[in-house]
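Worksheet: the structure to be examined is printed underneath.
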C-alpha cells in the first residue's frame, strides 16, 4: 500500500502539472501570437543578444549566427530551450537575434 | 422600308454631313489650330530631348545598371519570400550532431585509432512540440559497428516555463552527462572517471520529465528538472554488486519507479550552483552473466552537486556524484554498495581571440571494486579550428590498481566537430 502511494502521488503530481500546463498553453499560444506581431521590436534583438551571450557559453563555445539558416536556428533554439531552461520569450528573443544576424 | 434599310440611310446621311462640316469647323477655330501646332512643336522638342538622354544612358551604362538593379530586386524579393517560408513554416526539420576521431596510446599497450559519430535529429512543429533524438555510432575493436540510442524524446512546450519531456532522456543528475559530454563541447578527449558507463553517474533514463527555467531578479536564473523513470538495473557477480547499469531501459523488472531531479541557481549568468538526486527501488536482474528473477528489491539513491564559473577566458567546473545501493539480506549480492566520483576542471583560452586553450582536470573515482577505482590528472592543449571544432592533445596520468588498465597513463589526440 505504501509502495502504491509512493507511485501514485508523484504521478498525480505530474498529472496536475500537465493539467496546469494545458491550461497555460492557451495563454502561451495567445502570447506567441502577440509576439509574432512585434517581431520588429528592436528590444527583442537586444535582449536576444544578451541571452545568447549569457547562456550559450555556459556549456560550449559561441557558434557563429551565420552557421545555420533561419529555419535551422528555429529547431536548434527549440532544442536549446529545453536544455538550457530558457523561457519561451527568451528563446524567441535569441531566435530573432540569430535570424537577423545570420 | 424595313428597319435595316432605314438605319443604313441615316448612317450615310450623317457621314455626308460630317464631311461637309469639318472644313467649316476648321475655318471657325484658327486660334485652336495654332495652339495645337505649338503643342506639337513642344512635344517634338521633348521627344528629341528624351532620345538624347536615352542615347547618353546607353553610352555610359546606366541602362545596364538599372537592369542589374531590377534583377537584384527580383532576387531579393525571392530571398525574402524564401526567408519568410523558413521563418513561418509550421514544421521544421534539422539534422545536427557531432563526430570525433581519436588516436589513443596507452602505456605499455598498443596504440590505436578510434572513431565515432553521433547524429542528432530535430523535428519542430509550430513551436509547440519538438522531437529530438541522438544516435551513437562507433567502430568497435573487432571492426563491428555499434549503434546505440543516446536519447529520443518528445518535448511538449506546456507553457513559457515548463516542457514535458517523454521518452529516453539524458540523466539530469549532474551537469557533465546532460550538457558537457559531446566531444565538441568536452574540453578533454575523455570523460572524467566515473562519468562513463558503469560509473557513479547515471547515463540516461526512460520515463517522463518536466523541466524549465525562470529568470530571478535582474541577472539571476533558476533552472529545474524533475523526472520519473524505470530506473537502473543491478548486476551481481561473485556474491557482490558488480555495477549499476543506469543507461535507460524500456523495462522495469522490480516494478518500482525511480524519482529524481535537479535544481540549479545562477546568481549571475556566469556562475551556477546545482544539486541533483534520485531515489527509488532497484533489484539484481543479472548475476554472474545470467538473467536473474525474484531477487529482492532494495533502496537506490544518487546524489550530485555541481558548480560552474566563467570569468573572461577562464572556465572553471566541478562536479560530485555519489550512487548507492542499499543492503538486502536475501539477495545474491546482499551488501550495501557505493560509488563516488568528483572532478575539478580549469580551462583557459590564451590571449583575447587566440585559438589555443589549455585544460587541466583532476578526477577521483571511488568504486567498491579496486580494479575500477581511479585517480586521474588530465592535461590538455586544444586548438580551436572553428567555434564547434577542436583539435585536442591530452595526457592522462592515471593511478589505479597496479596492473589494471585504470593504472595505465594515456596520450589521446582527438579531432572533434559539432555540426
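For a footprinting-style exposure proxy, rank A:86, B:135 by other Cβ within 10 Å, fewest first. Kindly include the intermediate steps, with their values, before the conclusion.
Details: A:86 27, B:135 16.
Fewest to most other Cβ atoms nearby, the residues stand as B:135, A:86.
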Between the range B:162-195 and the range B:363-419, the Cα center-to-center distance that results, in Å: 17 Å
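Arrange B:415, B:33, B:234, B:129 by Cβ neighbour counts within 10 Å, fewest through most, would you?
Values: B:415 19, B:33 11, B:234 28, B:129 15.
In increasing order of surrounding Cβ atoms, one gets B:33, B:129, B:415, B:234.
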Of B:35, B:375, B:140, the one that fluctuates the most in a GNM where chain B has Cα springs shorter than 10 Å: B:35
C-alpha long axis of helix B:30-60 to longest principal axis of chain B, angle in °: 30 degrees
Separation in nanometres of the label points that stand 7 Å from Cα toward Cβ, at residue B:316 and residue B:338: 2.7 nm
Chain B: most fluctuating residue of B:190, B:100, B:91 per GNM, C-alpha cutoff 10 Å: B:91
Shape of chain B, Cα gyration tensor, a/c cut at 1.5: prolate
With Cα atoms, 0 to 90° folded angle of helix B:3-28 axis to chain B main axis: 80 degrees
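When you look at the Cβ of every residue in A:84-95, what mean number of other chain Cβ atoms sits within 10 Å?
Values: counts 4, 14, 9, 9, 8, 3, 5, 3, 2, 0, 0, 2.
Other-chain Cβ atoms within 10 Å of each residue's Cβ, averaged: 5.
State the extension gain, in nm to one decimal, for the chain segment bounded by residue B:90 and residue B:140, taking 0.36 nm per residue of separation less the distance between their alpha-carbons.
Working: separation 50, 0.36 × 50 = 18.00 nm, distance 4.04 nm.
Here the segment from residue B:90 to residue B:140 would lengthen by 14.0 nm.
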Average other protein chain Cβ within 10 Å of Cβ, residues B:122-128: 5
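For a footprinting-style exposure proxy, rank B:102, B:126 by other Cβ within 10 Å, fewest first. List each step's numbers first, then the result.
On the way: B:102 19, B:126 12.
If I rank by nearby Cβ atoms, fewest first, I get B:126, B:102.
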Approximate spin-label separation residue B:330-residue B:383, in nm, with each point projected 7 Å along Cα-to-Cβ: 6.4 nm
Mean residue ellipticity (222 nm) of chain B, computed from DSSP H runs ≥ 4 via -39,500 (n - 2.57), nearest 500: -7000 deg cm²/dmol
Segment residue B:149-residue B:121, length gained on full extension (0.36 nm per residue, minus Cα span): 8.9 nm
Peptide A:64-73, shielding by other chains (average Cβ, 10 Å cutoff): 5
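Length gain on complete extension for the stretch residue B:409 to residue B:219, per 0.36 nm per residue less the alpha carbon to alpha carbon distance? Don't skip to the answer; put the middle values down first.
Numbers: separation 190, 0.36 × 190 = 68.40 nm, distance 4.30 nm.
Using 0.36 nm per residue and subtracting the Cα-Cα distance, I get 64.1 nm.
Count the DSSP beta bridges whose two residues both fall in the range B:294-419, then state the antiparallel fraction as a percent rounded to the nearest 5.
On the way: 63 of 63 bridges.
Antiparallel bridges make up about 100 percent of those DSSP assigns within the range B:294-419.
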Selected from B:311, B:184, B:339 as most flexible by GNM, with chain B as the system and alpha-carbon contacts under 10 Å: B:311
Using alpha-carbon coordinates, inclination of helix B:62-88 to the longest axis of chain B, degrees: 40 degrees
Cα→Cβ-extended label distance, 7 Å offset, between residue B:71 and residue B:108, nm: 7.2 nm
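We did not get these values from a lab; they are worked out from the coordinates using the rules stated. What you see is a predicted model, and the numbers here were worked out from it, not measured in a lab. Glycine also receives a Cβ, built like all others from the backbone with ideal geometry; neighbour counts cover every protein chain displayed.
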